[in-house]
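Working notes, beginning with the structure itself.
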Amino acid sequence: MFHRNLISSLLAGFAILATSTLAQAACCPPPACGGCGSGSGYVAGSGAAAGNGAIVAAAPITRTITVNEWVPETYQTTRTVYKQETVQEAYTAYRTESVPEQRTITKNVSRIVPEWRDETFTTYKTVPTTETRTVMKKVTTQEQVTEIQRKVVKHTNWVTECVPAKEGLCSRLKKHCDPCYDPCPKFKEKKRKVCSEEIIECPVTRTVCKTHCVPETITVCVNKCVPVTETRKVCVNKCVTETISENVTVNVCRSVPYQATRCVTKCVPVTETVNCTRMVCRPVTKTITESACGSGDACGGNASSGCEALCCQVKKHKRSRCCR
């Protein structure tokens, strides 16, 4: 519809332009102004008035013209549009149901059964027994022991040594004054203390107590563990496994279909009749009134103002600018 309205508007614009051009061409047609004062309704003045070119009022001229105009026309047409409609539809849904079902199952059952049986046990008993044993007995004795002890004896001695004597002041002055002076060296005696150590061994006798282990035979009473075997009756619990069958009822989950309805929005094409307006170019016959020219010239001088007024009146009806 938008494209149709756009095309109609463009056609209407072109028609208006064509109409204004035709109207401008037909506005002031060239009249037969050769005898403007005789046959066209103009009356000449007398005397000086006619000689001065005065304009005298004349009767209007009526003209019938045919122009093309764009006229709005209303017509009916059909169009297809899409509308959203809510429709109820049926579909198959599934629900989960718990259905009881009878089943036979086989299972193993363990139970404890008491049972008496003979078992042999070995126990140990303590029995006193006399034994002869050899043990080591400690005996203490005193003995004379001679030991050698060492002693350190220190000795001090004085030793005389010859040591070079220090030079005197005169000797040093002579060496300083005479480089060739070389006297004989002088020595002096000096005593030095020398210490020495001497180890002396001396025998020493003393009494020492010593312990010796001497074997000895003795009689002792010993408790011995003797194994004793005996048989007794014992009650034990025995685990017995049995296989039994049992009927049970279990719940089984199953999907059950059912019919349900739901609302669904769908786009449905709908054909509808609408009223549209279009511009139609049609010929229209009009009668226009013209004013006659007052002078001998065809629409010349001041007499053209009446023609221009009529032209402007027509153009105003067509919504266009004036002839000027």
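The values are calculated or read from the model by the stated rules, or taken from the named source; none is laboratory data. It should be emphasised that the depicted structure is a prediction, and the values quoted were computed from it without experimental measurement. Note that we place each Cβ from the backbone using ideal geometry, even for glycine, and neighbour counts take in every protein chain shown.
Some values worked out for this structure:
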| item | result |
| --- | --- |
| Qualifying residue in region 267-279 (condition: loosely packed, with under 10 Cβ neighbours inside 10 Å, more than 60 Å from the chain's Cα centre (by Cα) and either assigned to a strand (DSSP E or B) or of a type in the set (Lys, Arg) (or both)) | no |
| Number of the exception - SER20 against (1) of a type in the set (Ser, Thr, Tyr); (2) at pLDDT 70 or above; (3) outside any strand (DSSP E or B) | (2) |
| Considering residues of region 137-170 that are loosely packed, with under 10 Cβ neighbours inside 10 Å and more than 30 Å from CYS202 (Cβ to Cβ) only, the residue nearest to the chain's Cα centre (by Cα) | LYS138 |
| Among the residues listed as THR66, THR92, THR106, THR86, the single one being within 30 Å of VAL240 (Cβ to Cβ), out of contact with any Asp or Glu (no Cβ under 7 Å at 6 or more places or on another chain) and part of a strand (DSSP E or B) | THR106 |
| Number of the condition not met by LYS286 [criteria: (1) closer than 30 Å to ARG103 by Cα; (2) modelled with pLDDT under 90] | (1) |
| Counted residues, region 97-113 - those being under 55 Å from the mean Cα position of the chain (by Cα) and either more than 19 Å from THR249 (Cβ to Cβ) or of a type in the set (Gly, Ala, Ser) (or both) | 1 |
| In region 171-192, the residues that are in contact (Cβ under 8 Å) with a residue 24 or more places away in the chain and either part of a loop (DSSP other than H, G, I, E, B) or in contact with a Phe, Trp or Tyr (Cβ under 6 Å, 6 or more places away or on another chain) (or both) | LYS191 |
| Flag for TYR75 being aromatic (Phe, Trp, Tyr) and either assigned to a strand (DSSP E or B) or at pLDDT 90 or above (or both) | yes |
| Matching option when the condition is surrounded by 10 or more Cβ atoms within 10 Å (Cβ to Cβ), of a type in the set (A, V, I, L, M, F, W, C), within 30 Å of ASN108 (Cα to Cα) and over 60 Å from the mean Cα position of the chain (by Cα), among VAL248, VAL208, VAL226, VAL240 | VAL240 |
| Test result for GLY301, modelled with pLDDT under 50 and either hydroxyl-bearing (Ser, Thr, Tyr) or on the phi > 0 side of the Ramachandran plot (or both) | yes |
| GLU131 vs. criteria surrounded by 10 or more Cβ atoms within 10 Å (Cβ to Cβ) and closer than 30 Å to LYS186 by Cα | no |
